[in-house]
1. What about Tyr79, is it in contact with a strand residue (DSSP E or B) (Cβ under 8 Å, 6 or more places away or on another chain) and at pLDDT below 90?
2. Being farther than 20 Å from Val38 by Cα and of a type in the set (Ser, Thr, Tyr) is the filter here; which residues of segment 70-87 pass it?
3. Can you pull out the residues in segment 101-118 that are open to solvent by 50 Å² or more (accessible area, probe 1.4 Å) and touching a strand residue (DSSP E or B) at 6+ places or on another chain (Cβ under 8 Å)?
4. Quick one: which strands (runs of 3 or more DSSP E) sit completely within segment 49-161 and have at least 2 residues that are touching a His at 6+ places or on another chain (Cβ under 7 Å)?
5. Given the structure, is Leu89 at pLDDT below 90, closer than 25 Å to Arg129 by Cα and open to solvent by less than 90 Å² (accessible area, probe 1.4 Å)?
6. Residue pairs, Cβ under 7 Å, 6 or more apart or interchain, first in segment 141-162 and over 13 Å from Tyr186 (Cβ atoms), second acidic (Asp, Glu). List them.
7. Return the pair list, or none, for Cβ contacts closer than 7 Å from residues in segment 91-114 that are farther than 13 Å from Glu43 by Cβ to residues that are assigned to a helix (DSSP H, G or I) and open to solvent by 50 Å² or more (accessible area, probe 1.4 Å), at least 6 apart or on different chains.
Amino acid sequence: VHKENLSTMQGRDESLRKIRYATMTQNVMAEFRKRILVHRSAELQNKIYECFSFMVQKDSIIQGILIDPDTLDIKLIDYNGNELLKDQLSAGEKQLFAVSIIWGLAQSSGYDMPVIIDTPLGRLDSQHRKNFVERYLPFASKQVIVLSTDEEVNGKYWDLIKPNVNAVYTLVYDEAQHGSSIQSGYFGGQQV
């Protein structure tokens with residue numbers, strides 16, 4: 001009987017030890033996860049700010065970006081160190097900020113992902129357009145697809161982007177066929 005009690009006690013001690021180590025492992029893993037999130041959030045906020053600053057190329061009201069590692073909420077910081085509401089940005093700054101988030105995520109991931117941008121210049125003023133075409137499109141990725149209207153990337157913007165273009169196509173809607181076809185060349189038949 002005494003051996004049975006000793007064996008039961010040893011089994012219980014072994015179970016308690018396993019539970020204690022499992023709990024310790026869970027705690028260590030939770031702390032490790034938290035530290036990684038803090039580190040990756042800090043890295044991402046720096047990349048996003050770097051991308052935004054590179055595109056804007058002027059003194060901006062945005063002087064920093066903070067990402068909460070728990071919620072992943074993004075806060076903009078103004079030149080006084082106060083939180084800047086996104087509503088305080090112009091439409092162009094909002095668009096460039098959104099592009100900066102995507103660009104920063106892509107750079108932080110380490111993967112060279114293709115980028116597809118639909119009507120990128122529609123809400124940008126002339127200075128933001130120029131910066132976007134010169135400072136984002138050539139660096140966004142190895143493969144960038146821009147879907148634009150005939151009024152967006154023309155004239156000087158076409159001249160700025162043309163050295164970085166590999167191929168151009170125009171989608172032409174045919175009312176009789178109720179569909180679109182793809183034609184080689186940019187609007188007006190311009191080739192690269």
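The values are calculated or read from the model by the stated rules, or taken from the named source; none is laboratory data. Model, not experiment: these values are computed from the prediction. Positions of Cβ are backbone-derived with ideal geometry, glycine not excepted, and every protein chain shown enters the neighbour counts. The area values use the complete protein model at the heavy-atom level, side chains included, leaving out ligands, DNA and RNA. Shrake-Rupley method; radii C 1.70, N 1.55, O 1.52, S 1.80 Å.
1. Yes.
2. Selection gives Tyr79 alone.
3. Correct list: Ile102, Pro114, Ile116, Asp118.
4. Answer list for segment 49-161: none.
5. Judged against the criteria, Leu89 is a match.
6. Cβ pairs passing all conditions: Ser141/Asp112; Lys142/Asp112; Leu160/Glu134.
7. Pairs that qualify, where the first residue is farther than 13 Å from Glu43 by Cβ and the partner is assigned to a helix (DSSP H, G or I) and open to solvent by 50 Å² or more (accessible area, probe 1.4 Å), are Lys94/Lys86.
Conditions tested, residue by residue: (1) touching a strand residue (DSSP E or B) at 6+ places or on another chain (Cβ under 8 Å); (2) open to solvent by 60 Å² or more (accessible area, probe 1.4 Å); (3) under 22 Å from Gln95 (Cα atoms).
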residue: Arg17; (1), (2), (3): no, yes, no
residue: Tyr49; (1), (2), (3): yes, yes, yes
residue: Gln57; (1), (2), (3): no, yes, yes
residue: Gly64; (1), (2), (3): yes, no, yes
residue: Pro69; (1), (2), (3): no, no, no
residue: Ile74; (1), (2), (3): yes, no, yes
